[in-house]
Amino acid sequence: MRVLYISEVQWLSQVSRKHQMIRCFPRDWEIMFISPINSSANENSFREREERVPARVRYVSIPLPKPDSHIPPIRFLTRCLTAVGRRTVLRAVKTFNPDVVVCSYIWAAPFISDIQKMGVPVVYDCNDLHPQFYPCCREEAEEMFRMMASSVDEVIASSEHLRDECGRGHLIGNGVDLGTFKGKRETPIPEVIARSRLSDCEDLVVYVGSIDDRLDVGILRRILEVLTERRRRTGLVIVGRIFDSVRSEKTALERAFPDSVLFTGRVAYEELSFLMSPAVVGIAPFVMTPLTEAINPNKLYMYAAMDLNVVSTPFSDEIRRHEGDVYIASDPGEFASAVEKAIGDDERRRSIREKIALPNSWDRRAEEFTRVLSGLKRAG
């Protein structure tokens with residue numbers, strides 16, 4: 001089976017849904033990635049994470065910059081290079097001869113009918129509400145999204161909301177790598193924490209993920225206010241890439257709570273479980289917007305796999321359905337109170353891995369994905 005992906009690839013900075021899927025695909029499957037240039041990644045997008053990326057994966061880069069919503073010349077250039085991208089994609093289809101194409105890049109929508117005319121079925125892997133990422137060309141992005149969802153042979157959506165937006169498709173959610181996230185470990189405190197002002201904390205709360213506009217900074221502030229009042233010394237560790245849009249808020253929190261909060265910055269995927277191991281609670285304080293409504297959060301399954309109680313805002317169906325197993329709160333005061341309760345809730349913590357993580361392994365998700373792709377494999 002040969003699978004051609006049309007999707008942005010960042011092998012070093014992320015281990016995302018597509019990485020996890022191909023790692024779990026059958027060993028005799030061959031995969032080729034066609035990716036637009038990512039000028040903002042500050043890395044070679046195609047350097048392999050040797051321990052994560054199978055040797056059977058190939059790469060092709062096309063001179064098609066991601067439509068940057070803040071730089072009009074780049075947006076214009078993207079349109080001009082569409083013809084070049086189309087030729088590169090169709091040439092790859094002809095030479096690689098895939099059995100199926102998987103696309104999560106909405107700007108390839110105009111090429112889909114050309115691929116299908118070559119006898120190759122196309123699947124849209126809808127893993128985000130993609131038009132929301134292009135606020136300065138939202139109408140055009142929405143048009144591409146609708147074209148993609150309606151023209152492909154099949155849609156695979158990572159959340160119920162995305163399936164509803166597409167109007168059809170298979171629901172195959174996100175998951176967790178149970179081999180990496182094995183629960184709490186009796187290991188020394190990670191050096192980044194040991195060298196910080198949080199080194200003497202008796203309890204730790206953790207956030208893992210991008211630090212961007214989706215985070216409710218008001219909730220973070222209220223959590224820190226509550227944690228500083230506890231008798232047991234408690235800190236908040238925030239792990240992930242810090243985006244420019246929230247740097248001022250990050251600095252303000254560090255100044256207001258220097259002994260209670262630690263921003264680690266981006267951490268290698270393989271190190272996340274060690275950073276999470278000393279914590280007792282994992283949080284997901286997302287604002288509630290159309291973008292977050294579409295999220296099936298990997299962090300939910302990661303937290304559960306590490307035996308952490310989870311506190312979250314009710315931003316998506318995938319969170320709301322776990323009410324009773326996770327703490328759900330909407331406003332800053334309720335959220336901070338829920339964090340304090342979750343810190344001492346050992347009973348809920350003992351069962352969360354079995355209830356949430358184990359049924360949502362990436363192995364299981366990839367099996368579902370494999371069945372859909374195998375069912376579409378073109379004859380001959």
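The values are calculated or read from the model by the stated rules, or taken from the named source; none is laboratory data. Model, not experiment: these values are computed from the prediction. Quick reminder, even Gly has a Cβ in these numbers, built from the backbone with ideal geometry, and neighbours come from all protein chains shown. SASA here: full protein model, heavy atoms, side chains in, ligands and nucleic acids out. Shrake-Rupley method; radii C 1.70, N 1.55, O 1.52, S 1.80 Å.
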When the residues of the range 326-358 are narrowed to those that are within 22 Å of LEU236 (Cβ to Cβ) and among the acidic types (Asp, Glu), which ends up least open to solvent (accessible area, probe 1.4 Å)? ASP345
Criterion (part of a strand (DSSP E or B) and within 25 Å of the chain's Cα centre (by Cα)) met by exactly one of ILE223, ILE219, ILE156, ILE193: ILE156
Residue pairs, Cβ under 9 Å, 6 or more apart or interchain, first in the range 305-323 and small (Gly, Ala, Ser), second part of a strand (DSSP E or B) and surrounded by fewer than 21 Cβ atoms within 10 Å (Cβ to Cβ). List them. ALA305/SER361; SER312/ILE328
One residue is enough: does the range 294-312 have a residue meeting the conditions at pLDDT 95 or above and surrounded by fewer than 20 Cβ atoms within 10 Å (Cβ to Cβ)? no
Checklist (1) modelled with pLDDT under 95; (2) open to solvent by 20 Å² or more (accessible area, probe 1.4 Å) applied to GLY265, failing item: (2)
Any idea which residue in the range 150-190 is nearest to TYR269 (Cα to Cα), counting only those that are polar (S, T, N, Q) and open to solvent by less than 20 Å² (accessible area, probe 1.4 Å)? ASN174
Which pairs do you get when a residue that is touching a residue at least 60 places away in the same chain (Cβ under 8 Å), found in the range 356-371, comes within reach of a residue that is open to solvent by 50 Å² or more (accessible area, probe 1.4 Å) and of a type outside the set (D, E, K, R), reach meaning Cβ atoms under 8 angstrom, with the pair 6+ apart or on two chains? GLU368/HIS170
How many residues, within the range 99-118, are open to solvent by less than 10 Å² (accessible area, probe 1.4 Å) and closer than 14 Å to ILE156 by Cβ? 4
Just wondering, is there one or more residues in the range 135-152 that are in a strand (DSSP E or B), under 26 Å from ASP363 (Cβ atoms) and not small (Gly, Ala, Ser)? no
Listed by first then second residue, the pairs whose first member lies in the range 180-200 and is farther than 19 Å from ASN309 by Cβ, whose partner is assigned to a loop (DSSP other than H, G, I, E, B) and open to solvent by 80 Å² or more (accessible area, probe 1.4 Å), with beta carbons under 8 Å and at least 6 positions apart or on separate chains, are ALA194/PRO188; SER199/ILE189
Are any of the residues in the range 259-278 in contact with a Phe, Trp or Tyr (Cβ under 8 Å, 6 or more places away or on another chain) and over 26 Å from THR180 (Cα atoms)? no
